1. Might you report the magnitude of the Cβ-based charge dipole of region 48-177 about its Cα centre, with Lys and Arg at +1 and Asp and Glu at -1, to the nearest 20 debye?
2. Arrange the peptides 164-174, 23-33 so that the one whose residues have, on average, the most other Cβ atoms within 10 Å appears first.
3. Please name whichever of HIS67, PHE36, PRO79 sits farthest to the positive end of the charge dipole of region 18-110, dipole taken about the Cα centre and charges placed at Cβ: Lys and Arg +1, Asp and Glu -1.
4. If each residue of separation counts as 0.36 nm, what is the full-extension length gain between PHE90 and LEU30 once their alpha-carbon separation is subtracted?
5. Carbon and sulfur: what percent of region 62-112's accessible surface (1.4 Å probe)?
6. At what distance in nm do the modelled label points of GLN65 and TYR46 sit from each other, each positioned 7 Å from its Cα along Cα→Cβ?
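The values are calculated or read from the model by the stated rules, or taken from the named source; none is laboratory data. These numbers come from a predicted model, not from an experiment. Heads up, the Cβs are rebuilt from the backbone with ideal geometry, glycines too, and the neighbour counts pull from every protein chain shown. Just so you know, the surface numbers come from the protein's heavy atoms only, side chains and all, with ligands and any DNA or RNA stripped out. Shrake-Rupley method; radii C 1.70, N 1.55, O 1.52, S 1.80 Å.
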Amino acid sequence: MKQAESDICRDCSQWETSDYQAVLDKNVSLYGYDDFMRDYVAQWKYRGDYALGKVFEQAFRQLFQQHFSNQKYVSVPIPLSDERMQERGFNQAAELADFTGATTLDALARKHGEKQSKRSKWSRMKADNPFYLSGDVPRSVVLIDDIYTTGTTLRHAAQVLKENGAQKIAACTLIRG
């Protein structure tokens, strides 16, 4: 797991020198990514075992409430493309968003593309933004996703929301790779 030695991790510092600077205020994650978590998530996410997500409910809710309950944030799950949704049968980010206990809004949609897990770090960071607006934009947003790997997905989503009126955008992820 990438632990920050200061308030800002190295990834975030690098992003602040890119076209995506100041689009994401912070990310908090519950777990680090290890072999056990990789295998568990593969069973949950790629083999369609929706019930496995329930094991994270209480701890994910606590993480969210610890960092975001004193402000009026709305949870926005990172969407899947229609094709990926049909393939998997559920959106793991939407399941996590339901765990937060906060108001959840599907403000974004996603164009279909290559799976992030099949791309290199460089390819992910240079990819075109696949997100577009599909609903109302809350003023304060917490993007919800399962895994923070390079930060590209969250920053792409945050950029669309910021360009359309969101003023505060943070992220809460289950795992930090």
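1. Its charge dipole is roughly 540 debye.
2. Highest-to-lowest ranking by the protection proxy: 164-174, 23-33.
3. Final value for the positive-end residue is HIS67.
4. Answer, rounded to one decimal: 19.5 nm.
5. Values: 1070 of 2560 Å².
That share works out to 42 percent.
6. 3.4 nm
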